[in-house]
1. If you go through region 191-212 one residue at a time, do you hit one that is part of a helix (DSSP H, G or I), touching a Phe, Trp or Tyr at 6+ places or on another chain (Cβ under 9 Å) and modelled with pLDDT under 95?
2. Any idea which of Leu542, Leu509 is closer than 22 Å to Pro342 by Cβ, surrounded by 20 or more Cβ atoms within 10 Å (Cβ to Cβ) and either of a type outside the set (Ser, Thr, Tyr) or in contact with a Lys or Arg (Cβ under 7 Å, 6 or more places away or on another chain) (or both)?
3. Return yes when Asn504 is surrounded by 22 or more Cβ atoms within 10 Å (Cβ to Cβ), of a type in the set (S, T, N, Q) and touching a strand residue (DSSP E or B) at 6+ places or on another chain (Cβ under 9 Å) and no when it is not.
4. Among the numbered conditions (1) open to solvent by less than 80 Å² (accessible area, probe 1.4 Å); (2) farther than 20 Å from Ile307 by Cβ; (3) modelled with pLDDT of 95 or more; (4) in a helix (DSSP H, G or I), tell me where Trp221 comes up short.
5. Output the number of the condition that Ala527 fails; it satisfies all remaining conditions of (1) farther than 27 Å from Lys155 by Cα; (2) of a type in the set (A, V, I, L, M); (3) surrounded by 22 or more Cβ atoms within 10 Å (Cβ to Cβ).
6. Could you tell me whether any residue of region 77-99 is at pLDDT 95 or above, open to solvent by 40 Å² or more (accessible area, probe 1.4 Å) and farther than 23 Å from Gly226 by Cβ?
7. Do you know which residues across region 65-79 are closer than 30 Å to Lys154 by Cβ and outside any strand (DSSP E or B)?
8. Output the residues belonging to region 587-599 that are among the aliphatic types (A, V, I, L, M) and either in a loop (DSSP other than H, G, I, E, B) or without any contact (Cβ under 8 Å) to a residue 40 or more places away in the chain (or both).
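The values are calculated or read from the model by the stated rules, or taken from the named source; none is laboratory data. Keep in mind it's a predicted model, so treat the numbers as computed, not measured. Here Cβ is always computed from backbone atoms with ideal geometry, including for glycine, and neighbour counts include all displayed protein chains. With ligands, DNA and RNA removed, areas are computed over all heavy atoms of the protein, side chains included. Shrake-Rupley method; radii C 1.70, N 1.55, O 1.52, S 1.80 Å.
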Amino acid sequence: MKYVIREGDYLRMGACRTGDGVTFTFAGEKEQVCEIILYEKKSDQTEYVMVPADYCVGSLRSIELCGLDTRRYDYNYRIDGKVVVDPYARRIVGREKWFETSRYTEDYQIRGGFASLAYDWGQDRCPEIDKRDMVMYKLHVRNFTMDATGLSGKKGTFEGLELKLPYLKELGITTVELMPVYEFEELIFPAEGDLPDYVTWKEEQRANQKSKKEVDKVNCWGYVEGNYFSVKAAFAKGKEPERSFKHLIRQMHSLDMECVMEIYFPSTVNQNLMLDVMRFWVMEYHIDGFHLLGDKLPIRAMAQDLILSRTKLFYEYFDGDLLDAPEKYPHLYIYRDEFSYPVRMLMNHHGGNLNDFANQMRKQKEYAGFVNFLTSVNGFTLADVFSYNEKHNLENGEDNTDGTDWNYSANYGVEGPTRKRYIEQVRTRQMRNALAILFLGQSVPLLMEGDEFANSQKGNNNAYCQDNRIGWVNWRNEKKYGALQSFVRKLIAFRKEHPVIRMNKPMQLRDYRGHGYPDLSYHCDRAWMVGFERNRQSVGILYCGAYAVDEGDEEEELIYLAYNFHTGKQFLALPKLPKEQKWYRVMDTGYEEGFLEKPVPVLATQVEIAGMTVQILVGKQEKEDEGMAASEDD
């Protein structure tokens, strides 16, 4: 025999290099005929190595091939005559080029590869950003970079994204969420159906038709069962996707930014494998967190795993005892769409409830977190929320039946793009309102790629198969919507400067420290009195900054957030300030720039707020008047 074989290591799954060979460990019963298939790269000749039945523990088979030169071969398994790709393969061979349809024939088979995982991480460490400091940004590696300029042939790749990291850092992003970057099949083939009884085919015709697979469309997003231990090779510029991705992570960490991976596990995936996947990415790639998708996940085991205890886990549901248990490093985050619907409903006048809005704006847990977002891949972009009444998904090829029908959107008079200046102004103001609401909420804000400069998908709310300018982020919008982009940057900076609006602990709505004000209070046309009756659509929210600082520190400012969802102007009462302090307006979404060049004193006992606008007022010492704009009441 060409190789010396011996029993392998059952504790090391997949193909793992040893001192003088490779150990292959995989799922296989003792009664099954199991073989290792070796494909020689140059000649494409195939070798088969039988795995002795005695090399078995439980339902695992393991064999070590001594003398195997991994540089020359790819591999698969054959179990009872069926070729099986190693679910633990560290590299997948056969998908190096994105959407390469020419190679896919009926007998084409992807293979496992032997990846070199060696990498010099230097002094790299995970930033472990506190939840109150987190600002998340979700993106798709390809879609985010394909239409960008100045990437020098690196569009659609990890290398291209790396060049965009300074942009995200300058924007104020701390945590980047990546849609699937593990290997997945991006080609979607038509479903095979049985031929009608009245159709007869000659055998040679049938054989000819099956010789080549017809590709239906592309799966850009990757929400299918994947090869979870392999980096998506088509997202890397070079021939070493593992190195490309590791370098991206190291660069993120050098900028004090975290990387969260989105992973979809269908219920057919073994739960032990799920845990192995997560441990692997943490240990091998220094991943900071996972956004988990799928049903019947072993969430409790994931949350309590000792290796993952300092890895941020994002999921739609955790048991209450996990969320409320004291943690040295809280790492569990509830991630679901409960924030977006109350906000959209109020903003676009689809009913809505001010009480729901207020609760969403202050939701928090001491030992766990929430993620707030207004848009996601499953729905309209932020610009489209205010440009379309209905979804426009015909180009997906599913007769516009795909995608959610519950968008709570509005077009403000014209469906889609318009040259009417008034409508464009209303839409842009509504985007400012939405962004202000997002970044002024107490929980962790998440911005969807391109929303900061009004990226549109032309009304497509399910662009999973649009590998074109519908699905790609339109960076040309930066110039037209530069003011909106700048507004986002200033909002994030304001959030960072005022910790009271992002405190880690829930607000108690009382003055439990004797500062003279509750930590959080609500106001309407009379101070300290508000009713959340259904027809009310305006509210003032007061934050007492003193609750965000330790004793002995300089007290924080009083922050008053004024929200008006009515179409007409409203008046909201301003609580009385301590002596020598005044209210100053610092932000008004009624203005194109949002934030005012200079704070404007408000001398009245009420603040006037125009229809469909948001304002920020700050309580400051009177001595700070110098250099400020004149009062609007002068």
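1. Filtering region 191-212 for residues part of a helix (DSSP H, G or I) gives 203-209.
Then drop every residue that is not touching a Phe, Trp or Tyr at 6+ places or on another chain (Cβ under 9 Å), which leaves 209.
If we keep only those that are modelled with pLDDT under 95 too, we end up with 209.
Scanning region 191-212, I find at least one residue that is part of a helix (DSSP H, G or I), touching a Phe, Trp or Tyr at 6+ places or on another chain (Cβ under 9 Å) and modelled with pLDDT under 95, so the answer is yes.
2. On the way: Leu509 fails: surrounded by 20 or more Cβ atoms within 10 Å (Cβ to Cβ).
One residue alone meets the criteria, Leu542.
3. Working: surrounded by 22 or more Cβ atoms within 10 Å (Cβ to Cβ): no; of a type in the set (S, T, N, Q): yes; touching a strand residue (DSSP E or B) at 6+ places or on another chain (Cβ under 9 Å): yes.
Here the answer is no, as Asn504 does not meet what is asked.
4. Only one criterion is unmet by Trp221, namely (4).
5. Going through (1) farther than 27 Å from Lys155 by Cα; (2) of a type in the set (A, V, I, L, M); (3) surrounded by 22 or more Cβ atoms within 10 Å (Cβ to Cβ) one by one, Ala527 breaks only (3).
6. There is at least one residue in region 77-99 that is at pLDDT 95 or above, open to solvent by 40 Å² or more (accessible area, probe 1.4 Å) and farther than 23 Å from Gly226 by Cβ.
7. Thr70, Arg71 - these are the residues of region 65-79 that are closer than 30 Å to Lys154 by Cβ and outside any strand (DSSP E or B).
8. Leu596
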